[in-house]
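Report on the structure given below.
The values are calculated or read from the model by the stated rules, or taken from the named source; none is laboratory data. Quantities reported herein were computed from a predicted structural model and do not represent experimental measurements. We place every Cβ from the backbone using ideal geometry, glycine too, and count neighbours over all the protein chains shown. The accessibility values were calculated without ligands, DNA or RNA, using every heavy atom of the protein model including side chains. Shrake-Rupley method; radii C 1.70, N 1.55, O 1.52, S 1.80 Å.
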Amino acid sequence: MAKWGEGDPRWIVEERADATNVNNWHWTERDATNWSSDKLKSLLLGVNVENEEGSCEVTDVSKVEGEASINNRKGKLIFFYEWNLKATWTGKSNAGVKYKGTVEVPNLSDENDVDDLDICVSLNKDEPETTLTKLMKTKGAEKIREALGSYVELLKTEFTQGMILPTANGVATPTPQPKAKLEKTQISSSSSTVTPVNTGVKIPTCKFCMNETFLTSPFELYRVFVNQEMVQAFTQAPATVDGDKGGRFRLFNGNIFGEFIELVPDKKIVMKWRYNNWPCEHYATITISFLDRSSETELAVEYQGVPDSEEERTKEGWQRYYFEAIKQTFGYGARLF
């Protein structure tokens, strides 16, 4: 065995007080099959859509066959999941006529993007033809795809809690991602310790503020953050945004995601927000205040719970990919005299 301070760093036990999986070097695995089965059922049950002709709802999940697991190797999480799903949907026309059909998803796996899933919707053979089948094949399939996307997100966040073990300083060490070279902006900030969100690991965090002025009204600027089409416009990438309280969002190809926890139209947005490589299930709380300055809107943004090591990256990212991108995309920048 290597002496103290010598030898292969994989085996230097002072990196962890309990000498367990030093530096997250060893392969560890967690079975997510039972958790996934329950989560898939809960997410699919109750999925419903409606139009002027009636409504449809997933009323039973009859088959959830497959498996899921998570592996940690050298601080990197690797996800394996493969599922074959079958559910029952029930339709009801405005005239009170009921219909039944099935939904099958044969290829939910880590090898397929959620947008590429085959979602097969059919009406039972003994049922009369109905236009509600088309409703289920379009809007219904879209809602089911969103539910399955939520499963994948939760698998990679909620269920992975504790997979990356803390080292001597109490900080988990997630796999680093390349950081874009950005020009630093001058902003005012102050550091203080805040309580992280249910990570199971003590993470040193900070609090700071940023302010930016936009040449538009609070009404217009508020919608830039909660409208999916407008978000896709300034990020120049596909995005998923549910602009209601409790609604989730995923931006920049899943590198950023979170949830709206308070929405006051034209005045305030409070959200849980994170980069995808932050310690599992750790979110910052970001509060955006829209201050009406006559022909301008001042955006006052407060960040709480950002990991200390991510402070500069978060500041630079918001300055370039939010503030500057919004101004350039929608023309809310400097005045032209």
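Computed quantities for the displayed model
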read-out	value
Heavy atoms of Phe79: accessible area, 1.4 Å probe, square angstrom to 10	40 Å²
Accessible surface of Asp113 - all protein chains present, 1.4 Å probe, nearest 10 Å²	80 Å²
At R0 = 30 Å, FRET efficiency that the Cβ-Cβ distance of Thr287 and Glu220 yields, to 0.05	0.90
Lys, Arg +1 and Asp, Glu -1 on Cβ, resulting dipole of segment 222-292 about Cα centre, debye, nearest 20	100 debye
Most positive-pole-ward Cα, Thr287, Gln304, Met271, against dipole of segment 229-321 from beta carbon charges	Met271
Calculated Rg and Dmax of segment 250-291 using C-alpha coordinates, Å	11.4, 34
Charge dipole of segment 35-131 about the Cα centre (unit charges at C-beta), most positive-ward option of Leu108, Asn124, Ala68	Ala68
Full-extension gain in nm, Glu127 to Glu111, via 0.36 nm per residue minus C-alpha separation	2.2 nm
Cα centre as origin, Lys/Arg/Asp/Glu Cβ charges: segment 215-337 dipole, Debye	200 debye
Alpha-carbon centroids, segment 105-134 and segment 245-265: separation in whole Å	27 Å
Simple spin-label estimate for Lys245 and Cys209 in nanometres, 7 Å along Cα-Cβ	2.5 nm
Loop trypsin sites (Lys or Arg not before Pro), segment 262-337, which have at most 11 other Cβ atoms in a 10 Å radius of their Cβ (DSSP)	Arg335
Subset of Lys76/Lys327; Lys41/Lys100; Lys39/Lys137; Lys41/Lys156; Lys63/Lys245 violating a 26 Å alpha-carbon distance limit	Lys76/Lys327; Lys63/Lys245
Computed E for Glu302/Asp31 - FRET, C-beta separation, R0 41 angstrom, nearest 0.05	0.55
Global form of segment 201-303, assessed from the alpha-carbon gyration tensor, a/c cut-off 1.5	oblate
Point-charge dipole on Cβ atoms (K/R +1, D/E -1) for segment 48-131, about Cα centre, debye to 20	420 debye
Length added when fully stretched, Asp38-Glu104, from 0.36 nm per residue minus Cα-Cα	22.0 nm
